[in-house]
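Have a look at the structure below, then the notes.
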Amino acid sequence: MVDSYLKQRSAKDWKKSEKHGAGEWLAERWTSVALFFLTLWAAWSAFGLANQGYEAALAFVKVPLNAGLLAATFVITMWHTYMGLNANVLDYFPNSRVLRLLNLLFCVAVLAVALGGIYLAFKA
Amino acid sequence: MSKPPSTEAAYRPLSPHLQVWKFHITMFTSILHRATGIASVVGAVMVAAWLLAIGLTASGHCPEAYTLFLSFAASPFGLFVWFGLTLAGFIHLTGGLRHLIWDMGLGFKISSANALAWWSLLGGIALTLAFWAVLFATGKVVL
């Protein structure tokens, strides 16, 4: 029964997925590759800043390269998070638009908090 | 599925099925990859809160923000949470590497897939333990 649905669908949609449809799959991979390096940099930086106090943390964020890398890390992290959490929503609650919307709002909110913090620290 | 699927989402397989698997390492690391990914979201929230605390303190909007952040982040419970987050993060990192290797079409032989699963799991645990061992050894973290 399921097979016949798949055949109907692929016969109808084949031309579409031939041109696109790999976009999200590729985005998952490229964000993974970027985050592999960015999170290792973040772990290394966290090691350096551990127990060094507020002034050291502020000085770290005020370095333009660090601020830029932090911002990039958060943009890519929340994009990756959005796709990952959406995979969970689609697997366990396939028809819930509400959860997909909440996921988007959550990821945008965390990104806004991080970028806002970087901006305030960098400007101060 | 009891009724015929009518939306695009209904064609997706429900995975990973937590109930139907007989234990094997690739099934375990697959489920773990999802679990550690979800756990790492907490890490992103914590680091975002750290950045906001620095920003609010530096800008003068809320001078106590950083102290408030540290009262959680540097507490024994906070350290326990950080340890859990680094464990989840490192296992997700090495697990992601495993997935990228598979995505290149490599390591699909059952013995290779099993070995990759073990190495990524043990590698993630080893990185976490090394990270904290050095933190303690250099006196950056004291209990």
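So the values come out like this:
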item	result
Odd one out for B:Ala44, checked against (1) closer than 25 Å to A:Leu115 by Cα; (2) more than 20 Å from the chain's Cα centre (by Cα)	(2)
Selection status of B:Leu68, within 13 Å of chain A (Cβ to nearest Cβ) and on the phi < 0 side of the Ramachandran plot	yes
Conditions (1) more than 10 Å from chain B (Cβ to nearest Cβ); (2) over 14 Å from the mean Cα position of the chain (by Cα); (3) closer than 24 Å to B:Ser40 by Cβ; (4) modelled with pLDDT of 95 or more: number failed by A:Pro64	(3)
Condition broken by B:Phe77, with the remaining ones in (1) modelled with pLDDT of 95 or more; (2) in contact with a helix residue (DSSP H, G or I) (Cβ under 8 Å, 6 or more places away or on another chain) satisfied	(2)
Some residue of the range B:80-98 being loosely packed, with under 14 Cβ neighbours inside 10 Å and either in a helix (DSSP H, G or I) or out of contact with any strand residue (DSSP E or B) (no Cβ under 8 Å at 6 or more places or on another chain) (or both)	yes
Residue pairs meeting the criteria (Cβ under 6 Å; at least 6 apart or on separate chains; first within 15 Å of A:Trp25 (Cβ to Cβ), in the range A:78-97; second of a type in the set (Ser, Thr, Tyr))	A:Trp79/A:Thr31; A:His80/A:Thr31
Checking B:Ala49 against (1) hydrophobic (A, V, I, L, M, F, W, C); (2) away from every other protein chain (no Cβ under 11 Å); (3) surrounded by fewer than 22 Cβ atoms within 10 Å (Cβ to Cβ), the condition it does not meet	(2)
Identity of the residue in the range A:71-86, small (Gly, Ala, Ser) and surrounded by 16 or more Cβ atoms within 10 Å (Cβ to Cβ), that ends up nearest to the other protein chains (Cβ to nearest Cβ)	A:Gly84
Among (1) within 27 Å of A:Lys62 (Cβ to Cβ); (2) more than 7 Å from chain A (Cβ to nearest Cβ), the one test that B:Thr26 misses	(1)
Pick from the range A:38-48, criterion surrounded by 13 or more Cβ atoms within 10 Å (Cβ to Cβ) and more than 9 Å from every other protein chain (Cβ to nearest Cβ), ranking: farthest from B:Asp103 (Cα to Cα)	A:Ser45
Checking B:Ser59 against (1) more than 9 Å from every other protein chain (Cβ to nearest Cβ); (2) more than 23 Å from B:Phe131 (Cβ to Cβ); (3) surrounded by fewer than 20 Cβ atoms within 10 Å (Cβ to Cβ), the condition it does not meet	(1)
Residues of the range A:101-114 that turn out to be more than 20 Å from A:Leu70 (Cβ to Cβ) and touching a Phe, Trp or Tyr at 6+ places or on another chain (Cβ under 9 Å), as a count	2
Candidate set from the range A:98-121 (those that are of a type in the set (Val, Ile, Thr) and either within 21 Å of A:Glu24 (Cα to Cα) or touching a residue at least 24 places away in the same chain (Cβ under 8 Å) (or both)); member that is surrounded by the most Cβ atoms within 10 Å (Cβ to Cβ)	A:Ile118
Filter pass, B:Leu14 being modelled with pLDDT of 95 or more and out of contact with any Lys or Arg (no Cβ under 7 Å at 6 or more places or on another chain)	no
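Let's see how each residue does on (1) assigned to a loop (DSSP other than H, G, I, E, B); (2) within 18 Å of the chain's Cα centre (by Cα); (3) at the interface with another protein chain (Cβ under 8 Å from one of its Cβ atoms); (4) among the β-branched types (Val, Ile, Thr):
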position	(1), (2), (3), (4)
A:Arg29	no, yes, yes, no
A:Ser32	no, yes, yes, no
A:Phe36	no, yes, yes, no
A:Ala57	no, no, yes, no
A:Asp91	no, no, yes, no
A:Val108	no, yes, no, yes
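The values are calculated or read from the model by the stated rules, or taken from the named source; none is laboratory data. Since the structure is predicted, the reported quantities are computational estimates derived from the model, not experimental observations. Every residue, glycine among them, receives a Cβ derived from its backbone with ideal geometry; neighbour counts consider all protein chains shown.
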